[in-house]
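Novice: The structure is given below, and queries will be raised subsequently.
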Amino acid sequence: MSFNRSIKARSRLALAIPLGLFALAAQPALAQDTLVVDANFQLKTADPARAFEPTASLVLHPVYETLVTFEGSDVTRVVPLLANVPEISEDVKTFTFTLNPEATFADGSPVEVSDVVFSLERARDLKGSPSYLMRGVSVAAGEAPGTIVLTTEAPDPALPFKLTNLALSILDAETLQANGGTATPEDGAERFLAETSIGSGPYTLTKFDTSSEVILEANESYWGEAPAYDRIVVRNVNSNAQQMNVARGASQIALNLRPDQVGSISDKVTVISGPAADMGFLFMNGNPEVSELSVNPDLREAVRYGIDYAGIIDFIGEGAVQPAGIIPTMIEGALPTEQVPTRDLERAKAALARSGLSDPTLTISYAADLAKYGIAFADIAAKIQSDLADVGITVELNPESVQANLDNYRGGTLEMSVQWWGGTPHPSNSLPFTSGKLVGLRAGWAEGGSPELEELASRAEVASDADERVALYRDWQTKLNEVGPFVPLFQPPVTLVGSTEIAPLEYNPMWTVDLSDVRKASE
């Protein structure tokens, strides 16, 4: 086994210490400082296996670790963390990992093969939102000590990338099982994990409030390089307050400022900006029991061509881009940008006339108390309302709390909605938009909704040849644009604002910022 000691900075110390001597090694003294981070919360659970919201990845990434990870902002390759980069069989169905023998949980107990097996099986068998990441994957101890073998039913070249997801973090299995943890949908450990943490990361969870703040304390027994801060406080703060706080030094990081807000304080902060790998999208429910209107294909066409995409991009501001399909522009398999849809009012009105509907009224639901990257969902919904009025479609606004909107979205009960999608930076991360898959079902689009699309998705998911994979994902998106209930709207600009007290930040589409890697400007 070999681990690349130059890959992950925070593991350098542990990998340099001979096995058995770690307990005697002196750790650098923790700085008695607090890192304050302002964000707009989209947060529901502290259980990694259930967490699928962006804020969860931000706040729990420093607490829980995965077998492999990404370094900095580079999401094109995985690097070692709790284990080495896997050995992969020729048929791309068997992945063998070797655990780093230095890795320990916060209580000092070693990370063992049994912890990996239980954690991954639990994530798969909870049947939560992220469970699809492990669909068709079996986990077992390898023949050699310290090895784990993951086997897939079909070739899965994306599996190492999926394993960087927070949901596939490795937890202390013995402690979890003693507090209600099981690898079944009846698992009862979620409340326990909201009150404590049992990870191997450089921080531990000491407060978890989905509406106000999350507090992390440095893990003084961390097996890797000690973090720069002894405490991290992540607060749920609107963008106006974020601007004021970071400008006057009350916080060190602001994650949701609009470009116009940044301009007025640019002389007091450091700014990292560029398009995100996240996606804002609209959907119209495909279940006639939810809405007899939103299933009408001509009405859908009228909506698709009635939206002023360029106006949305202009409204969001510099750095936003319009994608041509549901795969973000910087990810393998994205459709060429020249294929983006444009507003065509004549076509939209003609489609509405064909629909046989007179003065239709649709209800658009959205999280009213949520803004990501400084973009309020309420503003996007209001823009769509205005755009479609020009076509002859009335849109009624239905603002909901984040929690209510998430519940209704996941329950598939929304007629029309503006939603957000992010996750693993691999084209397979978008396949849940297929009929019968996770997001398809949330939009009322059952299996069999488009057999041709489902066939393309199945072929794209297992393609190991890069050129073939790109072609299949593009064909899949083209078909999705033709027959699906989804309308890709925008990729937001990522604007990470840091005070001059800290080193420039790095954006990662999986967890936005690796808070455990934030360093002071002088370091």
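The values are calculated or read from the model by the stated rules, or taken from the named source; none is laboratory data. Everything numeric here is computed off the predicted structure, so don't read it as measured data. Methodologically, a virtual Cβ is constructed for each residue, glycine included, from the backbone with ideal geometry; neighbour enumeration extends over all protein chains shown. With ligands, DNA and RNA removed, areas are computed over all heavy atoms of the protein, side chains included. Shrake-Rupley method; radii C 1.70, N 1.55, O 1.52, S 1.80 Å.
Novice: Suppose we keep only residues that are among the hydroxyl-bearing types (Ser, Thr, Tyr) and part of a loop (DSSP other than H, G, I, E, B) within region 255-302. Which one would you say is surrounded by the most Cβ atoms within 10 Å (Cβ to Cβ)?
Specialist: Among those residues, the one meeting the criterion is Ser294.
Novice: Separate question: If you go through region 210-246, how many residues are part of a loop (DSSP other than H, G, I, E, B), touching a residue at least 60 places away in the same chain (Cβ under 8 Å) and not aromatic (Phe, Trp, Tyr)?
Specialist: Of the residues in region 210-246, 13 are part of a loop (DSSP other than H, G, I, E, B), touching a residue at least 60 places away in the same chain (Cβ under 8 Å) and not aromatic (Phe, Trp, Tyr).
Novice: Another question, if that's okay. Out of curiosity, is Asn100 modelled with pLDDT under 95 and in contact with a strand residue (DSSP E or B) (Cβ under 9 Å, 6 or more places away or on another chain)?
Specialist: No.
Novice: For region 146-198, give me every one of the helices (runs of 4 or more DSSP H) that falls completely inside it and has 1 or more residues that are within 23 Å of the chain's Cα centre (by Cα).
Specialist: In region 146-198, 159-162, 190-195 are the helices (runs of 4 or more DSSP H) which contain 1 or more residues that are within 23 Å of the chain's Cα centre (by Cα).
Novice: Another question, then. So if I check each of Gly136, Gly128, Gly108, Gly72, which one is out of contact with any Leu (no Cβ under 9 Å at 6 or more places or on another chain), surrounded by 20 or more Cβ atoms within 10 Å (Cβ to Cβ) and among the small types (Gly, Ala, Ser)?
Specialist: It is Gly128.
Novice: Please indicate, with yes or no, whether at least one residue in region 454-464 is open to solvent by 20 Å² or more (accessible area, probe 1.4 Å), at pLDDT 95 or above and among the polar types (S, T, N, Q).
Specialist: no
Novice: Could I ask something else about it? Return yes or no: is Ala503 free of Cβ contacts under 8 Å to residues at least 24 places away in the same chain, open to solvent by 10 Å² or more (accessible area, probe 1.4 Å), over 15 Å from Ala277 (Cβ atoms) and among the aliphatic types (A, V, I, L, M)?
Specialist: In short, yes.
Novice: Also: Kindly check whether there is at least one residue in region 208-224 that is over 25 Å from Ile375 (Cα atoms), surrounded by fewer than 23 Cβ atoms within 10 Å (Cβ to Cβ) and modelled with pLDDT under 95.
Specialist: Checked against the condition, which is being over 25 Å from Ile375 (Cα atoms), surrounded by fewer than 23 Cβ atoms within 10 Å (Cβ to Cβ) and modelled with pLDDT under 95, region 208-224 yields at least one hit.
Novice: Another question, if that's okay. Restricted to region 465-487, and to residues that are among the small types (Gly, Ala, Ser) and touching a residue at least 40 places away in the same chain (Cβ under 8 Å), which residue is surrounded by the fewest Cβ atoms within 10 Å (Cβ to Cβ)?
Specialist: Filtering first and then ranking leaves Ala466.
Novice: What pairs can you find where one residue is in region 116-137 and of a type in the set (Asp, Glu), the other is modelled with pLDDT of 95 or more, and their Cβ atoms are less than 6 Å apart, with a gap of 6+ or different chains?
Specialist: Glu121/Val139; Glu121/Ala183; Asp125/Ala183; Asp125/Thr184
Novice: Every residue in region 124-143 that is in a helix (DSSP H, G or I) and within 20 Å of Thr98 (Cα to Cα), please.
Specialist: Within region 124-143, just Met134 meets the criteria.
Novice: What's the number of the only condition in (1) modelled with pLDDT of 95 or more; (2) within 24 Å of the chain's Cα centre (by Cα) that Val470 fails to meet?
Specialist: (1)
Novice: Also, quick follow-up: Check off (1) buried (at least 21 other Cβ atoms within 10 Å of the Cβ); (2) touching a strand residue (DSSP E or B) at 6+ places or on another chain (Cβ under 6 Å); (3) closer than 20 Å to Pro80 by Cβ for Ser169 and give me the number that stays unchecked.
Specialist: (2)
Novice: Tell me which residues, restricted to region 373-402, are of a type outside the set (Ser, Thr, Tyr), in a strand (DSSP E or B) and open to solvent by 20 Å² or more (accessible area, probe 1.4 Å).
Specialist: Those that are of a type outside the set (Ser, Thr, Tyr), in a strand (DSSP E or B) and open to solvent by 20 Å² or more (accessible area, probe 1.4 Å): Ala376, Glu396, Leu397, Asn398, Pro399, Glu400.
Novice: If we scan region 403-413, do we find a residue that is out of contact with any Leu (no Cβ under 9 Å at 6 or more places or on another chain), open to solvent by less than 20 Å² (accessible area, probe 1.4 Å) and of a type in the set (Asp, Glu)?
Specialist: No, region 403-413 contains no residue that is out of contact with any Leu (no Cβ under 9 Å at 6 or more places or on another chain), open to solvent by less than 20 Å² (accessible area, probe 1.4 Å) and of a type in the set (Asp, Glu).
Rundown of residues vs (1) among the aromatic types (Phe, Trp, Tyr); (2) touching a Phe, Trp or Tyr at 6+ places or on another chain (Cβ under 8 Å); (3) open to solvent by 20 Å² or more (accessible area, probe 1.4 Å); (4) farther than 13 Å from Pro492 by Cα, yes/no style:
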| position | (1), (2), (3), (4) |
| --- | --- |
| Arg304 | no, no, yes, yes |
| Ile307 | no, no, no, yes |
| Ile312 | no, yes, no, no |
| Ile326 | no, yes, no, yes |
| Pro336 | no, no, yes, yes |
| Gln339 | no, no, yes, yes |
| Ala350 | no, no, yes, yes |
| Gly356 | no, no, yes, yes |
